[in-house]
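The values are calculated or read from the model by the stated rules, or taken from the named source; none is laboratory data. No experiment lies behind these values; they were computed from the predicted model shown. Here the Cβ positions follow ideal geometry from the backbone for every residue, glycine too, while neighbour counts run over all protein chains shown.
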Amino acid sequence: MINWENMKFISLLAVFIGIILVGCSSGAQTTVEPPSDIDAAVAATVPSTSTASDVQEKVTAILRAPPPTTAPPTPTTESGSTVKEVVEKALPPLYLDHVDRGDDYYNDGQYENAIQEYDKAVQLAPDLALAYNNRGAAYNMLGQYQRAIKDFDKHIQLAPDFAYAYFNRGYAHDMLGQFQRAIKDFDKAIQLDPDYAKAYRNRGVVYRRLGQHQRAIVDFDMGIQLNPNDAITYASRGTVYGELGQYAKADADKAKACSLDKLFCN
């Protein structure tokens, strides 16, 4: 005998899932990089938040009713289980909510709260590379560079072809004075993304720390070519020109940096 009450429930559930899918169709995850800062000697080396193009997408499913037959099939335990599975797949994964909240906290400068949300995300999805990168970026901002490196290592293990993880790990190595490791990471970031202006800039800063001024200038030149509106790179190159005694070029770069960002006017 056909259980019409169950069939009515399933039909209503299908409509409910359709509503959920519409509500969950917007909102892309972001990958976090530390915001710009200024080094005591050189305009500093950290970039701003950028949107990741290759991260996990929210899962959606569509219930499609079977073609009409002479009589609807009677629901069974197996079909009820199938409906439950479809419902679970239709709902956005909870770990994505934690990543979203972590990103919001990060952008507000609440790094400890951000880390707590990323912790929850990786507990629910241990292979979610994005959450490790973003948590590592938060550790960077708190000066906890060893913990940051551990997270970037995990991201690279899970997803080795994303430039931003190498960039962020390179920053952590730089802050720890591990300059050769930093250069190696920036090299890899540039290999994966030849247009990564911030990677050239940060590698130039490391070369400057090592006293390799000409190599630093080459990197700053490339960074400016790729992003001519980056005040930090002009200020960094101006510092190197000043150390080389090329004061006219140093003054020109400092003036350009000031015109782009009043923080560099002094």
Of the conditions (1) in contact (Cβ under 8 Å) with a residue 12 or more places away in the chain; (2) touching a Gly at 6+ places or on another chain (Cβ under 9 Å), ARG215 clears all except one; give me its number. (1)
Quick check on ILE232: is it of a type outside the set (Phe, Trp, Tyr), over 27 Å from the mean Cα position of the chain (by Cα) and under 14 Å from TYR200 (Cα atoms)? no
Mind telling me which of the residues LYS154, LYS198 ends up being of a type outside the set (Phe, Trp, Tyr), without any contact (Cβ under 8 Å) to a residue 40 or more places away in the chain and either assigned to a helix (DSSP H, G or I) or in contact with a helix residue (DSSP H, G or I) (Cβ under 6 Å, 6 or more places away or on another chain) (or both)? LYS154
Here is a check on your reading of the model: is ALA189 within 15 Å of the chain's Cα centre (by Cα) and on the phi < 0 side of the Ramachandran plot? yes
Could you grab me the full set of residues in the stretch 208-231 that are within 18 Å of ALA182 (Cα to Cα) and either at pLDDT below 95 or β-branched (Val, Ile, Thr) (or both)? ILE217, VAL218
Which numbered condition ARG147 misses (of (1) in contact (Cβ under 8 Å) with a residue 24 or more places away in the chain; (2) in a helix (DSSP H, G or I)): (1)
In the stretch 107-122, the residues that are over 13 Å from ASP151 (Cβ atoms) and acidic (Asp, Glu): ASP108, GLU112, GLU117
Got a sec? Which of ALA165, ALA235 is under 18 Å from ILE149 (Cβ atoms), small (Gly, Ala, Ser) and crowded, with 20+ Cβ neighbours inside 10 Å? ALA165
Residues of the stretch 108-125 that turn out to be surrounded by fewer than 18 Cβ atoms within 10 Å (Cβ to Cβ) and hydrophobic (A, V, I, L, M, F, W, C), as a count: 1
Residue among LEU176, LEU192 that is touching an Asp or Glu at 6+ places or on another chain (Cβ under 8 Å), at pLDDT 95 or above and either aliphatic (A, V, I, L, M) or within 26 Å of LEU226 (Cα to Cα) (or both): LEU192
Condition check: of a type in the set (Gly, Ala, Ser), in contact (Cβ under 8 Å) with a residue 12 or more places away in the chain and surrounded by fewer than 17 Cβ atoms within 10 Å (Cβ to Cβ). Does GLY177 satisfy that? no
